[in-house]
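The values are calculated or read from the model by the stated rules, or taken from the named source; none is laboratory data. Predicted, not measured: the structure shown is a model, and the values here were computed from it. So basically every Cβ, Gly included, is an ideal-geometry build from the backbone, and we count neighbours across all protein chains shown. Only protein heavy atoms, including side chains, enter the accessible area calculation; ligands, DNA and RNA are left aside. Shrake-Rupley method; radii C 1.70, N 1.55, O 1.52, S 1.80 Å.
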Amino acid sequence: MTTEGADIRGDVLESILSHVPLIHILPASHVSKSWNHAVFSSLRYFSRPKPWLFLHCQNSRPPYASSSSFAYDPRSNHWLRIHNKNPSLQYASAIRSSSNSTLLYMLSPSKFSFSFDPFHLTWHHVDTPLVWRTDPVVAMVGRHVIVAGGACDFEDDPLSVEIYDLDARRWDACDAMPAILKDSAASAWLSVASSSKTLYIMEQVSGVTYSFDPTSRIWSGPLDLRHDENIFFSVIGIFGDNLVLVGLLGNSENVKDVKVWEVKGKSFEILEEIGIMPKELVEKLKGEDASINSIKISCTGDFLYIYNPREPEELVMCEIGGEGICRWGSLKNPAVSDRSRVAEKMVLTSADVGLGDLGKAAESGNVRFSICE
């Protein structure tokens, strides 16, 4: 761009671009070669992209139409409304998410549909698992989608596990979940986290934890991650390549603290405390209710988002720095800004988003963005 013969270039341009939301930087990268270089230099040295949080809202009763989607970009501190018109997607059942990942899925009697790219441009539609399930644990580990537990009462084994191989495009049955999980083998009672190689499942109330390797098909455990007897409810997530535990301390009527630990050691015997939620944010997490029975989380990279499913108006954000230092904040949830939305179902995903992902979304012709005021 030139104005009266003066060029904006070099460090000045890169500094300016560091303050521009990522969705507006994409067009700037196509202005010229010098601007393209400035864009990528700015993203590398001045203001790196940060993982996005996505909120997916859907009617809670049939027909299960998607009503709205939002994304939070912590780099620019902006909420975006996502206008997604995917003509190939039909909502045959309730949409669900897998904790701590980009995975969205729908399970109906006729098909199993899932998507794992950041903006869910591509959906995979496959046959249903061999065992009919109503509330299974679903997670993606590498090129495998694992479906475990949650079977209907008339099925022989409520702990059955099946794996869908994305490359072979088929379901395989494998060893069932550990018998100790028989009374809690459903996503409502279990917290799930998955790395590139391993699935972790933890009972939210007891803290009993198992891991599963989809390559060897072997379950390992049990492990007890509750090293603090004051924890009454906990969930797990993945921070980088490590497991993190988020726990509520006290009781549901009097939550004294919300803490974050990094789980270390070959047998997960070490819990290193890396953060305590500030008291004012604990109060925001409670909302209008004085109690917290449970929490849900979504995390990618260095960012952890925590919310109270009974009072989702406020989301608490935690950015975990390189030295294990937590920087806390809170976000108003645009999906529940008024009480008219309480009849909607909301699920969360999080993902690393770069210019390439935004470019694919723009090229699809099905996605556009607007900044929420």
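So, of the residues in the stretch 300-324 that are modelled with pLDDT under 90 and in contact with a strand residue (DSSP E or B) (Cβ under 6 Å, 6 or more places away or on another chain), which turns out to be farthest from Glu273 (Cα to Cα)?
The qualifying residue farthest from Glu273 (Cα to Cα) is Thr300.
Could you tell me whether the stretch 166-175 includes any residue that is open to solvent by 40 Å² or more (accessible area, probe 1.4 Å), over 22 Å from Ser115 (Cα atoms) and in the same structural domain as Gly301 (by the TED database)?
Yes, the conditions are met somewhere in the stretch 166-175.
I'd like to know if the stretch 111-127 contains one or more residues that are assigned by the TED database to the domain that holds Glu363, out of contact with any Asp or Glu (no Cβ under 8 Å at 6 or more places or on another chain), touching a residue at least 60 places away in the same chain (Cβ under 8 Å) and closer than 22 Å to Ser220 by Cα.
For the stretch 111-127, residues assigned by the TED database to the domain that holds Glu363, out of contact with any Asp or Glu (no Cβ under 8 Å at 6 or more places or on another chain), touching a residue at least 60 places away in the same chain (Cβ under 8 Å) and closer than 22 Å to Ser220 by Cα: absent.
For the stretch 181-203, check the following and say yes or no: at least one residue is in a helix (DSSP H, G or I), open to solvent by 20 Å² or more (accessible area, probe 1.4 Å) and over 27 Å from His125 (Cβ atoms).
So in the stretch 181-203, the residues in a helix (DSSP H, G or I) come out as 181-184.
Of the ones still in play, those that are also open to solvent by 20 Å² or more (accessible area, probe 1.4 Å) are 182-183.
Filter once more, keeping what is over 27 Å from His125 (Cβ atoms): 182-183.
Among the residues of the stretch 181-203, at least one is in a helix (DSSP H, G or I), open to solvent by 20 Å² or more (accessible area, probe 1.4 Å) and over 27 Å from His125 (Cβ atoms), which makes the answer yes.
From the set of residues in the stretch 346-373 that are outside any loop (DSSP other than H, G, I, E, B) and free of Cβ contacts under 8 Å to residues at least 60 places away in the same chain, which is nearest to Ser18 (Cα to Cα)?
Filtering the stretch 346-373 for residues that are outside any loop (DSSP other than H, G, I, E, B) and free of Cβ contacts under 8 Å to residues at least 60 places away in the same chain, the one nearest to Ser18 (Cα to Cα) comes out as Gly356.
Out of (1) surrounded by fewer than 22 Cβ atoms within 10 Å (Cβ to Cβ); (2) in contact with a Ser or Thr (Cβ under 6 Å, 6 or more places away or on another chain); (3) β-branched (Val, Ile, Thr), what's the single condition that is false for Val137?
The number of the failed condition is (1).
Do you know which residues across the stretch 246-289 are surrounded by 12 or more Cβ atoms within 10 Å (Cβ to Cβ) and among the basic types (Lys, Arg)?
Matches in the stretch 246-289: Lys256, Lys259, Lys264, Lys284, Lys286.
Please work out which residue is surrounded by the most Cβ atoms within 10 Å (Cβ to Cβ), limiting yourself to the stretch 307-336 and to residues that are part of a strand (DSSP E or B) and of a type in the set (D, E, K, R).
Across the stretch 307-336, the extreme among qualifying residues is Glu314.
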